[in-house]
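This report refers to the structure that appears directly beneath it.
None of the figures in this text is laboratory data; all of them are computed from the coordinates on show. Nothing here was measured: the structure is a model prediction, and the numbers come from that model. Counting neighbours? That spans all protein chains shown, and the Cβs are built from the backbone with ideal geometry, glycine included.
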Amino acid sequence: MKNSKTLMIVEAAVMIALATVLSLIKVYKLPWGGSITLLSMLPICMFSIKYGVVRGLFVSFGYAVVQVLLDLGEVLSWGLTPGTLIACFALDYILAYTVIGAAGMFRTKKLPGWIAGTVIALVLRFAAHFLSGVLIWHSFGDLWDGFSTENEFIYSALYNGSYMLPEIIFTVIGAVILFSVPQTKKMLSPVTQEA
């Protein structure tokens with residue numbers, strides 16, 4: 001019993017570290033936050049699938065705190081008011097990254113459940129960023145050359161969707177590949193007994 005708890009804690013630390021390193025590998029970065037990374041959310045999703053939503057949420061909260069610390073200097077340089085700064089950290093970081101831990105919600109349903117849980121968790125992350133864009137940033141204007149909008153809902157959906165949709169697709173592809181390898185599938189199979 002004690003060894004299984006120790007193993008879970010070690011795996012949690014490794015997954016947070018791996019997710020953090022992968023988050024630093026940015027394929028594309030947008031000017032006002034958001035980027036396409038090299039499968040940075042996949043380790044947190046895998047942990048949640050293996051150990052369940054509750055433990056996944058604790059680990060993803062730890063990952064959220066790490067992301068706040070990594071981006072603290074950049075966000076502080078934006079000149080936000082204290083209220084906006086707190087709201088930004090709450091929605092764009094703490095909530096957005098913590099919901100990734102919900103990926104294990106269908107963990108007992110094998111590969112289709114793992115994919116569905118991962119997609120739902122990442123859509124929840126998109127929803128947090130979308131709400132931030134509408135409620136905090138009130139963003140509208142030029143998105144790309146020749147395309148602008150005065151509607152903050154459309155702007156937020158397009159801006160945040162431009163990096164979250166590829167992130168969702170790449171993460172699901174990565175999960176399918178990992179879970180189709182027999183050795184990885186066995187190692188990441190959901191833990192059924194309480195650890």
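Summary table
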{"read-out": "Residues satisfying the stated conditions in region 120-130, i.e. of a type outside the set (Gly, Ala, Ser) and in contact with a helix residue (DSSP H, G or I) (Cβ under 6 Å, 6 or more places away or on another chain)", "value": "Leu122, Leu124, Arg125, Phe126, His129, Phe130"}
{"read-out": "From the options Gly34, Gly101, residue that is within 13 Å of the chain's Cα centre (by Cα), touching a residue at least 12 places away in the same chain (Cβ under 8 Å) and at negative phi", "value": "Gly101"}
{"read-out": "Residues within region 47-58 that are touching a residue at least 12 places away in the same chain (Cβ under 8 Å), out of contact with any Asp or Glu (no Cβ under 9 Å at 6 or more places or on another chain) and either closer than 15 Å to Val21 by Cα or assigned to a helix (DSSP H, G or I) (or both), tallied", "value": "7"}
{"read-out": "Some residue of region 50-71 being of a type in the set (A, V, I, L, M), buried (at least 19 other Cβ atoms within 10 Å of the Cβ) and closer than 19 Å to Tyr163 by Cα", "value": "yes"}
